[in-house]
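K.L.:
One structure coming up, written as structure tokens, with questions to follow.
The values are calculated or read from the model by the stated rules, or taken from the named source; none is laboratory data. Everything numeric here is computed off the predicted structure, so don't read it as measured data. FYI the Cβ positions are ideal-geometry reconstructions off the backbone, even for glycines, and counts take in every protein chain you see. These area figures cover heavy atoms from the full protein model, side chains too; ligands, DNA and RNA do not enter into them. Shrake-Rupley method; radii C 1.70, N 1.55, O 1.52, S 1.80 Å.
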Amino acid sequence: MSRISPLNWPVIRQLRDGDPFGRDRNAQSRKSAELQPRVAEADRVVKSVCPYCAVGCGQLVYVKDEKVIQIEGDPDSPISRGRLCPKGSASEQLVNSSTRVTEVLYRAPKAKEWQKLDPEQAMDMIADRFLEARRNGWQDTDAQGRPVNRTMGIAGLGGATLDNEENYLIKKLFTAAGAIQLENQARI
Ligand code: SF4
């Protein structure tokens, strides 16, 4: 049908489309009608959990060409039912930010500059320090001579971004190592 046909006059279209007040489809421009959400281009959707706080809102991560293009709330999540707070809604920027640090950086004591470290080397350095502090703070007995077999040289303070599984493993590791000072920000 020609666009200049009387059948395409606005009032005719409104009546024909069941939109007598022109507030529905007839108020929509052609450009708006052709718009597609950016998630429509995604190759796949992966379910995830927001990493920012202990609420643990469910997320849908949209991936295109193996790159995250958008993160939105997951309606199936019993915790958040599709909602994300402004911080969680912006977590795509956490993934794709051009300022995101993706290498291990180390600043030696008294040094002014950071240096890049191989992740394996960094893990070895952390493990060496952990073991040394554990050894140096080890106590077989307390002041009254009672056996305690603990270390006061290491402690754990978790943040709210840690999830249940991470907290479980941290608790296991530190308790097995003899640490008794374990706390989490979520309890403060
Ligand atoms: S979306 Fe907001 S409230 Fe939900 S887990 Fe992320 S930071 Fe916390």
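K.L.:
If we scan the range 171-178, do we find a residue that is over 30 Å from Cys57 (Cα atoms), basic (Lys, Arg) and either open to solvent by 50 Å² or more (accessible area, probe 1.4 Å) or in contact (Cβ under 8 Å) with a residue 12 or more places away in the chain (or both)?
P.N.:
Restricting attention to the range 171-178, the residues satisfying the condition of being over 30 Å from Cys57 (Cα atoms) are 176-178.
If we keep only those that are basic (Lys, Arg) too, we end up with none.
Checking the range 171-178: not a single residue is over 30 Å from Cys57 (Cα atoms), basic (Lys, Arg) and either open to solvent by 50 Å² or more (accessible area, probe 1.4 Å) or in contact (Cβ under 8 Å) with a residue 12 or more places away in the chain (or both).
K.L.:
Say we look at the range 25-57 and pick out the residues that are polar (S, T, N, Q) and open to solvent by 60 Å² or more (accessible area, probe 1.4 Å); which of these is farthest from the ligand (Cβ to nearest atom)? Walk me through how you get there before you give the answer.
P.N.:
Pass one, the range 25-57, residues polar (S, T, N, Q): 26, 28-29, 32, 36, 48.
This time we only want the ones that are open to solvent by 60 Å² or more (accessible area, probe 1.4 Å), so: 28, 36.
On the way: Gln28: 31, Gln36: 25 Å.
Among them, the one singled out is Gln28.
K.L.:
Is it true that Gln93 is within 16 Å of the ligand (Cβ to nearest atom) and either over 17 Å from Asp163 (Cβ atoms) or open to solvent by less than 40 Å² (accessible area, probe 1.4 Å) (or both)? Step through it out loud before you land on a result.
P.N.:
Working: within 16 Å of the ligand (Cβ to nearest atom): yes; either over 17 Å from Asp163 (Cβ atoms) or open to solvent by less than 40 Å² (accessible area, probe 1.4 Å) (or both): yes.
Yes: the conditions hold for Gln93.
K.L.:
Taking the condition closer than 16 Å to Glu92 by Cα and touching a residue at least 12 places away in the same chain (Cβ under 8 Å), does Val63 pass?
P.N.:
When the stated conditions are applied, Val63 passes them.
K.L.:
Go through the range 135-159 and give me each residue that's within 30 Å of Pro51 (Cα to Cα) and open to solvent by 50 Å² or more (accessible area, probe 1.4 Å).
P.N.:
Taking the range 135-159 first, the residues within 30 Å of Pro51 (Cα to Cα) are 153-159.
Listed by number, the residues that qualify are Ala155, Leu157.
K.L.:
Related question: Just name the residue that is modelled with the lowest pLDDT out of those in the range 148-187 that are assigned to a strand (DSSP E or B) and among the charged types (D, E, K, R). Reasoning before the result, please.
P.N.:
So in the range 148-187, the residues assigned to a strand (DSSP E or B) come out as 148-158, 179-184.
Okay, now just the ones that are also among the charged types (D, E, K, R), so 150, 183.
Details: Arg150: 98, Glu183: 90.
Ranking the qualifying residues of the range 148-187, first place goes to Glu183.
K.L.:
For the subset of the range 64-87 comprising residues that are within 12 Å of Lys47 (Cβ to Cβ) and more than 11 Å from the ligand (Cβ to nearest atom), which member is least open to solvent (accessible area, probe 1.4 Å)?
P.N.:
Pro75
K.L.:
Sticking with this structure for a sec: Which residues, counting only those in the range 8-24, are open to solvent by 100 Å² or more (accessible area, probe 1.4 Å) and over 44 Å from the mean Cα position of the chain (by Cα)?
P.N.:
Of everything in the range 8-24, those that are open to solvent by 100 Å² or more (accessible area, probe 1.4 Å) and over 44 Å from the mean Cα position of the chain (by Cα) turn out to be Trp9, Leu15, Arg16, Phe21.
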